[in-house]
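A.B. asks: Take this structure first; my questions come after.
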Ligand code: DLL
């Protein structure tokens, strides 16, 4: 049954045919938005695009105005609907650290399509109806849990809707129910991996666990390796946004050489975040996505703020849709310290690859006398090191020097006791920027 969801006719379509399908859907979408969403009626009208007929080729996409998170917030909650409210069957929202959340709405057709995309992604990740999958994303407004839930049920896998939290119980369920796959954020998977080691059960108790279906936040290759080792799983990465649908926008297949973009439903572009000009294929920049099939709340050229790159050569698995590199970071996550651009993922790569320090870290940015300072707090794996000043100092210097060579920046490295930094059950918050506080 699993293979039924490797939709070869679509997923291995030649580029010319895929371009044609996207153009057709884009033209239809533009007319649909112009006619049904007042916000787009105005935006498209101002740009002189009063119907899909104005779009002659895919590169005409660049004349369509962008949609930003602010646009979605300004139209909170239901201002961007293309259908009457009675056709909406589900509402999700992103957690949004400040102000109002961003809302995503779904018609029944959107829900069915979402499950289809999700089924495709988990199938590519090697999941079948034989699998028993524990979903440890928080159920609720977050799109992650229900998104994966519907897709996994669709392929016939057994779903355990554990939700996040109550970590001892999560481990008990994994052991008792013969769980073969875990759905979680990388941060939570990392934490569960740590608890597995301490649970007192022999590794065989968890030996059925093979798949880590992770996503919703960045995870460096070094972090992935740590998680794989501690949980005994193969990790595949999943990407998506509430504004576009949730998970199922792109995901890795078992070969893990980029996340396959579901291009028949999501049209990706990469732009220069400064000039906003589209970049040639293969260059790194901000990902912009147009939803080609959404009915309830279609989105044109959504600026994701995520930094990545797209590869267009077919994958060894035979799938031809563009492959997205792991997200490097977000334009708004990038720290500018003394004029140097720093992505937290660069620091993670250094720390997680080193001996004697754990994968848990925190970045604290402060400003003193108009000068920015970056403190990197990192947990020791072995508390006994704290007793040897010499060893501690040598390790500190080693991390400091490595960070300096990677970032080109002086940092303050603080080694902290094992287990002293916060653990996360959802997305991690590892950056504490205190520059504008107080
Ligand atoms: O995180 C949807 C999702 C749920 C994706 C479950 C995958 C699995 P939001 O909460 O709206 O939606 O957050 C979207 O999270 O713009 C990225 O910055 C980040 N993000 C999502 N997936 C990844 C990933 C869900 N695989 C925002 N790698 C996005 C890096 C990711 N960042």
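The values are calculated or read from the model by the stated rules, or taken from the named source; none is laboratory data. Not measured: the values here are computed from a predicted model. Note: ideal-geometry Cβ built from the backbone for every residue, glycine included; neighbour counts use all protein chains shown.
A.B. asks: Go over the candidates 177, 192 one by one and state the one that is free of Cβ contacts under 8 Å to residues at least 60 places away in the same chain, in contact with a strand residue (DSSP E or B) (Cβ under 9 Å, 6 or more places away or on another chain) and closer than 26 Å to residue 352 by Cα.
C.D. replies: 192
A.B. asks: Any chance segment 372-394 includes a residue that's part of a loop (DSSP other than H, G, I, E, B), in contact with a helix residue (DSSP H, G or I) (Cβ under 8 Å, 6 or more places away or on another chain) and not assigned by TED's automatic domain parsing to the domain that holds residue 226?
C.D. replies: No: segment 372-394 contains no residue that is part of a loop (DSSP other than H, G, I, E, B), in contact with a helix residue (DSSP H, G or I) (Cβ under 8 Å, 6 or more places away or on another chain) and not assigned by TED's automatic domain parsing to the domain that holds residue 226.
A.B. asks: Additional query: Could you check segment 98-115 and list, in sequence order, the residues that are part of a helix (DSSP H, G or I) and either farther than 21 Å from residue 291 by Cβ or within 17 Å of the chain's Cα centre (by Cα) (or both)?
C.D. replies: Once the filter is applied, which keeps residues that are part of a helix (DSSP H, G or I) and either farther than 21 Å from residue 291 by Cβ or within 17 Å of the chain's Cα centre (by Cα) (or both), segment 98-115 yields only 114.
A.B. asks: Something else about it: Which condition number in (1) under 22 Å from residue 319 (Cα atoms); (2) within 16 Å of the ligand (Cβ to nearest atom) is the one that residue 224 fails?
C.D. replies: (1)
A.B. asks: Mind checking which residues of segment 81-97 are within 15 Å of the ligand (Cβ to nearest atom), in a loop (DSSP other than H, G, I, E, B) and under 17 Å from residue 299 (Cβ atoms)?
C.D. replies: Matches in segment 81-97: 94, 96.
A.B. asks: Could I ask something else about it? State which residue is surrounded by the fewest Cβ atoms within 10 Å (Cβ to Cβ) when the search covers only segment 231-249 and only residues that are near the ligand (Cβ under 7 Å from one of its atoms) and assigned to a loop (DSSP other than H, G, I, E, B).
C.D. replies: 242
A.B. asks: Please go through (1) in contact with a strand residue (DSSP E or B) (Cβ under 8 Å, 6 or more places away or on another chain); (2) surrounded by 14 or more Cβ atoms within 10 Å (Cβ to Cβ); (3) touching a residue at least 24 places away in the same chain (Cβ under 8 Å) for residue 398 and return the number of the only condition it doesn't satisfy.
C.D. replies: (1)
A.B. asks: Of everything in segment 211-221, what is closer than 19 Å to residue 163 by Cα, more than 11 Å from the ligand (Cβ to nearest atom) and out of contact with any helix residue (DSSP H, G or I) (no Cβ under 6 Å at 6 or more places or on another chain)? Give them in sequence order.
C.D. replies: The one that is closer than 19 Å to residue 163 by Cα, more than 11 Å from the ligand (Cβ to nearest atom) and out of contact with any helix residue (DSSP H, G or I) (no Cβ under 6 Å at 6 or more places or on another chain): 211.
A.B. asks: Say we look at segment 62-84 and pick out the residues that are without any contact (Cβ under 8 Å) to a residue 60 or more places away in the chain and over 18 Å from residue 35 (Cβ atoms); which of these is farthest from the chain's Cα centre (by Cα)?
C.D. replies: For segment 62-84, the residue satisfying everything is 63.
A.B. asks: On to the next question. Only strands (runs of 3 or more DSSP E) wholly contained in segment 116-203 count here; list those with 1 or more residues that are crowded, with 24+ Cβ neighbours inside 10 Å, within 15 Å of the ligand (Cβ to nearest atom) and in the same structural domain as residue 253 (by TED's automatic domain parsing).
C.D. replies: 132-135, 181-184
A.B. asks: Suppose the filter is more than 23 Å from residue 104 (Cβ to Cβ), in the same structural domain as residue 77 (by TED's automatic domain parsing), in contact with a strand residue (DSSP E or B) (Cβ under 6 Å, 6 or more places away or on another chain) and part of a loop (DSSP other than H, G, I, E, B); does residue 319 pass it?
C.D. replies: The answer is yes for residue 319.
A.B. asks: Still on this structure: Out of all the residues in segment 363-380, which are surrounded by 15 or more Cβ atoms within 10 Å (Cβ to Cβ) and farther than 16 Å from residue 348 by Cβ?
C.D. replies: Matches in segment 363-380: 366, 372, 373, 380.
A.B. asks: Now, a different point. Of the residues 144, 151, 165, which is touching a helix residue (DSSP H, G or I) at 6+ places or on another chain (Cβ under 6 Å), in contact (Cβ under 8 Å) with a residue 60 or more places away in the chain and farther than 20 Å from residue 208 by Cβ?
C.D. replies: 151
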